[in-house]
Amino acid sequence: PVSLSTMVELLKAVPHKNILVLGKTGSGKSYVGNLLLGRSAFSFSDDFESVTHSCQLEIASDPQTGVELRVIDTCGFLDTSLSPAQVKASISTFATLAPTGIHAMVVVIKKGRFTQDQINALIAIATFFGEDVWKHSVVVFNQCRMTREEVMALTYPESLAGYLRQWSAAGAAIFTVPWLNYEVGVEQHAAHGDVRAIKAHIAQRTTVYSYRQFEEERERLQARAQTALEAITTRGPKQRMRDANQQLLDGVVLEDVWEEEANRIKLEDEEARELEGRLRQTEAQAGEARQQRQQAESAARQAAQQAQEDRERCRHAEAEAREQQQRARNATDLARQAEQRMAEVEGEMAQARARHSAAVDGGGEEPDPQIRIPGPVWIGVAVVLVCLALRRWLDAR
């Protein structure tokens, strides 16, 4: 088997030009490719349904310059039957068909009203291959009855005028191909002066757009998109950044448009982070307030429990006071009874002394100075003294 490096050296030994035909679906890419080959090699259609769904290589020798033309037809940008990722994957296979690089990227634009779809196709080309793609481009206005000079002299909307300025600044060649009758045959149209001018210009090209440049551009875009994504932390802006990155990598938007969108998303992310910070601060304050409320409720419960205990102690103290008051009343009653009994005893003693005196007076005997007081009397006196002492003790408390 022949290695890739050997194949590249063999290809370099043969005078050839690799041509990659690009454009929007329906712009006439495949027909322009057939004009460059001088024969009907690529299938084409005049409607908006893409006929080409993958890169196709056809080779023909140009009798005018003697250079071998290796024309690669591609699926159309904005192909409705393929996703942007599928279009990207399909066009990326040009490296295997042109390992020595691309000498000319023929960008086909259908003459007529310049639509947003055509703008989007140019955006996709510039994003997909990088801004340097215009240095290697040959812009062909297809189905155009005007000369190049007439086309350049026209007044265009700013969207197209901006690309004309870019093409001129990058040194891109601009050609026109008239409205040709498909029924006549490609071989006759290939001899048209405008077609010969395009092939002669391509035969003189020496600069090459390599697959390495394509890879470096893709790696640069992917790295930049990844860096922008990693800088976003909030969920909503992060998803919008993913969508913007996908549009960039699929060639839906130019890098400067993506950059503006990325800056807007970054501002949204900063605002979202600030809002989340305020929200976290509010939640922290609410948590502290909840904790303080819980502590207050706990303190209130403890105070209520303490108050209940105090009320219980007060009730016990009141009950004890009532008992003491009752005991005091009982003691007072006993004291009154003792005083009453004391008075009765004193009365009885007085009566006893009187009887004794009478007995002595009647019998002639001297009264006994030591009159014996009965035992119950002493008991009553003791009880009275105890009650009095108890009453003074209770009054002191």
Fill in the blank from the handout: Packing-ranked peptide list from 84-94, 26-36, 217-227, highest mean Cβ count within 10 angstrom first, is 26-36, 84-94, 217-227
Exercise for the section: Over 20 Å between C-alpha atoms is what I'm after, so list which of K111/K135; K17/K199; K29/K111; K17/K111; K29/K199 land there. Expected result: K111/K135; K17/K111
Fill in the blank from the handout: Given backbone amide H placed at 1.01 Å from N, residues whose amide H is under 5 Å from that of K110, ignoring those fewer than 5 places away on the same chain, are N142
Practice task
Any chance you could check the Cα centroid distance between the stretch 71-130 and the stretch 231-292 for me, in angstrom?
Solution key: 33 Å
Problem - the stretch 229-374, Cα convex hull volume normalised per residue, Å³ - result: 146 Å³
Completion exercise
Phi angles of the stretch 130-144, converted by Karplus (6.51 cos²θ - 1.76 cosθ + 1.60, θ = phi - 60°) into ³J(HN,Hα) in whole Hz with x for Gly and Pro, give x, 4, 5, 4, 5, 5, 10, 9, 10, 8, 10, 7, 8, 6, 10
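Each reported figure results from applying straightforward, stated rules to the coordinates on display, with no laboratory input. Not measured: the values here are computed from a predicted model. Counting neighbours? That spans all protein chains shown, and the Cβs are built from the backbone with ideal geometry, glycine included.
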